[in-house]
Amino acid sequence: MAGTDPVSAAAPRGAGKAAQLQVRNLEAWYGESHALHGVDLDVFAGETVTLLGRNGVGKTTTLRAIMGLIRKRRGEVEFEQRSIMRLPLHRVARTGLGFVPEERGIFASLSVEENLMLPPVVAKGGMSVEEIYGIFPNLLERRTSPGTRLSGGEQQMLAIARILRTGVRMILLDEPTEGLAPVIVERIGEMLKVLKSHGLSVLLVEQNFRFAARIADHFYVMDHGRMIDSFSVADLPARTEALNTALGV
Amino acid sequence: MTMIFGVPLPALMGQLLVGLINGSFYALLSLGLAVIFGLLRVINFAHGAFYMLGAFAAWMLLAYAGIGYWGALVLAPLIVGVAGMAIERLMLRRLYGLDHLYGLLFTFGLALLLEGTFRHFFGTSGQPYAAPEALRGATNLGFMVLPNYRGWVVAASLVICLGTWAVIEKTSIGAYLRAATENATLVQAFGVNVPVLLTVTYGFGCALAGIAGVLAAPVFQVSPLMGSNLIIVVFAVVVIGGMGSILGAIVTGYMLGIVEGLCKVFYPEAANIVVFVIMAIVLLLRPAGLFGKDS
Ligand SMILES: Nc1ncnc2c1ncn2[C@@H]1O[C@H](COP(=O)(O)OP(=O)(O)OP(=O)(O)O)[C@@H](O)[C@H]1O
Ligand SMILES: [Mg+2]
């Protein structure tokens, strides 16, 4: 397969600047089970990068290992030229890296507004609560009800919105459209464009590459805990067939 | 004389008051246990020892430093809280990754160690501790005579319990605590220093036991075993209310104190076991406890 070396494929991106997030030879384990076998990837400032791959190939594990949610890991992760491998978990967010988990992580014992206000602001430049309520009027309407009373789509928006408040410069976003109705998927797509226009970088895990094609600048494809392909959005049409096979669509 | 179900009113009221006093201690102690268990998933068997430590801190502050009741009411819980934080930081923390049984065994051993140490220096006979000047005497309420100090204990424990509940349910610090109780790892990934939150929470739970100890000092005597006598009932209270439920711990604490008091009037033979009978029934019908969520 062409361009299987992610490093060389990534070289023309970012106009010669160093990547904002640089992952090299990242390995991770669940107990004895070796889940990542040396993952390389780059996200340049302002980019939306999508991680594709079949179920169980290690996409979530990659995000969790980058964030430090999996402690049994090896390799190198640099965010803005600074290694975050040895930072305690609560210091990682403070470097400007936000995380939205696959299961969304809305807290049942917190109201919608408490969920929104929970993540501490880590840097200037985040959205204000007014701006967020302006974009998501239904969150304002339901702000006193328990977070988990929201619909799946609203929970996903809340999960993203609360990270926007914190002023992080990059978001790791795990399957935001999973299990959502097409209209809601549409809204999430709009939302990701807003993020992009604010200059936020996004590392997105997404099964639906047609959805991802509309917002992503660059793609990585994973299989069995390894990167097997890397290409830019311009190359997507030429890859569609190969991807359909690789992803088993 | 007014009679209710064949019992003179003052006798009934007297036992109700005793029940309410005991309930105040049950509520304060089970509240601390519930807060600690909710976040740390540690069944704090040392809770009775921290209660004893609070009472002894008050007694020693008076005996060795001349600091009276009101000073002790502030200082003793602080001392107990700091001791709790040190223990969490230096020892308990190492057990988080392991089976819950280790936390239970560790705190049980800690309780034995603390109680044994105090027994070595003070013996098993209690030390008297006088109620403060301002709260001596009694007030005639018409239907009964209320010793002022006992009224104070009930009022103080109510204020502390409700205040704690309000902080947990209504403030942003409380939101961190609730969220971390649900998913501590995610809260830490958001940038909250969860290890410090755990330390402070354990210290706070222990400080609540310390306050209960100071409040108890003038009611019971200050003795090394005062905690282990009480804590068994308190564990039953926590099981009945539902592990980890804040409001459940408070309400069940008062409720069972009152039930125990009433039992002394109507069927004294059962007064000592009624809490455990209720626990057995609750466990059969609602294993998660009266206020617990099934999970
Ligand atoms: N907590 C865990 N303990 C043990 N193994 C796990 C755990 N989580 C994931 N795995 C295993 O690690 C591998 C990678 O899982 P991961 O969740 O990263 O896949 P994924 O690409 O995100 O899949 P999906 O598209 O289904 O979300 C899988 O084989 C999975 O079974
Ligand atoms: Mg996944």
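Just to be sure before I move on: is B:Val200 within 30 Å of A:Arg104 (Cα to Cα), touching a residue at least 12 places away in the same chain (Cβ under 8 Å), out of contact with any Ser or Thr (no Cβ under 7 Å at 6 or more places or on another chain) and among the β-branched types (Val, Ile, Thr) in the structure I sent?
In short, yes.
All but one of (1) without any contact (Cβ under 8 Å) to a residue 40 or more places away in the chain; (2) among the charged types (D, E, K, R); (3) closer than 27 Å to A:Ala234 by Cβ hold for A:Arg54, so report the exception by its number.
Unmet condition: (1).
Identify all residues within the range B:173-190 that are more than 9 Å from chain A (Cβ to nearest Cβ) and open to solvent by 10 Å² or more (accessible area, probe 1.4 Å); write none if there are none.
Matches in the range B:173-190: B:Ile173, B:Leu177, B:Ala184.
Based on this model, can you work out whether A:Leu172 counts as within 14 Å of chain B (Cβ to nearest Cβ) and within 16 Å of ligand 2 (Cβ to nearest atom)?
Against the criterion (within 14 Å of chain B (Cβ to nearest Cβ) and within 16 Å of ligand 2 (Cβ to nearest atom)), A:Leu172 qualifies.
Looking only at the range B:124-168, count how many residues are assigned to a loop (DSSP other than H, G, I, E, B), open to solvent by less than 30 Å² (accessible area, probe 1.4 Å) and either under 21 Å from B:Ser228 (Cβ atoms) or among the aliphatic types (A, V, I, L, M) (or both).
Of the residues in the range B:124-168, 4 are assigned to a loop (DSSP other than H, G, I, E, B), open to solvent by less than 30 Å² (accessible area, probe 1.4 Å) and either under 21 Å from B:Ser228 (Cβ atoms) or among the aliphatic types (A, V, I, L, M) (or both).
Quick one: which helices (runs of 4 or more DSSP H) sit completely within the range B:194-295 and have at least 3 residues that are under 30 Å from B:Arg136 (Cβ atoms)?
Of the helices (runs of 4 or more DSSP H) lying wholly inside the range B:194-295, those with at least 3 residues that are under 30 Å from B:Arg136 (Cβ atoms) span B:194-216, B:226-241, B:246-266.
Pull up the range A:45-63, narrow it to residues that are within 19 Å of A:Ser33 (Cα to Cα) and within 6 Å of ligand 1 (Cβ to nearest atom), then point me to the one that is surrounded by the fewest Cβ atoms within 10 Å (Cβ to Cβ).
Ranking the qualifying residues of the range A:45-63, first place goes to A:Asn55.
With respect to the numbered conditions (1) farther than 21 Å from A:Arg13 by Cα; (2) surrounded by fewer than 18 Cβ atoms within 10 Å (Cβ to Cβ); (3) over 17 Å from the mean Cα position of the chain (by Cα), which one is the sole condition not fulfilled by A:Ala238?
Evaluating A:Ala238 over (1) farther than 21 Å from A:Arg13 by Cα; (2) surrounded by fewer than 18 Cβ atoms within 10 Å (Cβ to Cβ); (3) over 17 Å from the mean Cα position of the chain (by Cα) leaves (1) as the failure.
Search the range B:88-114 for residues that are polar (S, T, N, Q) and pair each with any residue that is not in a loop (DSSP other than H, G, I, E, B) when their beta-carbon atoms are under 8 Å apart and the residues are at least 6 apart or on different chains.
Sorted first by the residue in the range B:88-114, then by its partner, the pairs are B:Thr107/B:His47; B:Thr107/B:Leu92.
Helices (runs of 4 or more DSSP H) wholly in the range A:90-152 with at least 3 residues that are more than 14 Å from every other protein chain (Cβ to nearest Cβ) and surrounded by fewer than 18 Cβ atoms within 10 Å (Cβ to Cβ) - which ones?
A:129-135, A:137-141
Does the range B:152-172 contain at least one residue that is within 26 Å of B:Ile43 (Cα to Cα), within 14 Å of chain A (Cβ to nearest Cβ) and among the polar types (S, T, N, Q)?
Taking every residue of the range B:152-172 in turn, at least one turns out to be within 26 Å of B:Ile43 (Cα to Cα), within 14 Å of chain A (Cβ to nearest Cβ) and among the polar types (S, T, N, Q).
Does A:Arg54 satisfy being closer than 22 Å to A:Ala212 by Cα, modelled with pLDDT under 95 and touching a His at 6+ places or on another chain (Cβ under 9 Å)?
No.
For the range A:53-63, enumerate the residues that are within 10 Å of ligand 2 (Cβ to nearest atom), farther than 16 Å from A:Ile171 by Cβ and touching a strand residue (DSSP E or B) at 6+ places or on another chain (Cβ under 9 Å).
Correct list: A:Gly53, A:Val57, A:Gly58, A:Thr61.
Given the options B:Val233, B:Val238, name the one that is within 16 Å of B:Asn44 (Cα to Cα), modelled with pLDDT under 95, open to solvent by less than 10 Å² (accessible area, probe 1.4 Å) and of a type in the set (A, V, I, L, M).
Unique residue meeting the criteria: B:Val238.
What residue, among those in the range A:163-178 that are open to solvent by 10 Å² or more (accessible area, probe 1.4 Å) and either modelled with pLDDT under 90 or at negative phi (or both), is farthest from ligand 1 (Cβ to nearest atom)?
A:Arg165
Out of everything in the range A:64-75 that is open to solvent by less than 10 Å² (accessible area, probe 1.4 Å) and more than 10 Å from ligand 1 (Cβ to nearest atom), what residue ends up being farthest from the other protein chains (Cβ to nearest Cβ)?
Of everything passing the filter in the range A:64-75, A:Ile66 is farthest from the other protein chains (Cβ to nearest Cβ).
Out of the residues in the range A:64-83 that are more than 10 Å from ligand 2 (Cβ to nearest atom) and part of a helix (DSSP H, G or I), which is farthest from A:His34 (Cα to Cα)?
Per the stated criteria, the residue is A:Met67.
Give me a count of the residues in the range A:25-44 that are over 18 Å from A:Ser230 (Cα atoms), more than 14 Å from every other protein chain (Cβ to nearest Cβ) and open to solvent by 10 Å² or more (accessible area, probe 1.4 Å).
7
Looking only at the range A:182-203, decide whether some residue is under 18 Å from A:Gly53 (Cβ atoms) and either modelled with pLDDT of 90 or more or within 13 Å of ligand 1 (Cβ to nearest atom) (or both).
Taking every residue of the range A:182-203 in turn, at least one turns out to be under 18 Å from A:Gly53 (Cβ atoms) and either modelled with pLDDT of 90 or more or within 13 Å of ligand 1 (Cβ to nearest atom) (or both).
The values are calculated or read from the model by the stated rules, or taken from the named source; none is laboratory data. Computed from a predicted model, the values in this text were never measured in an experiment. Here the Cβ is made from the backbone with ideal geometry for all residues, glycine too, and neighbour counts use every protein chain on show. We work out accessible area using only protein heavy atoms, side chains counted, and drop any ligands, DNA or RNA first. Shrake-Rupley method; radii C 1.70, N 1.55, O 1.52, S 1.80 Å.
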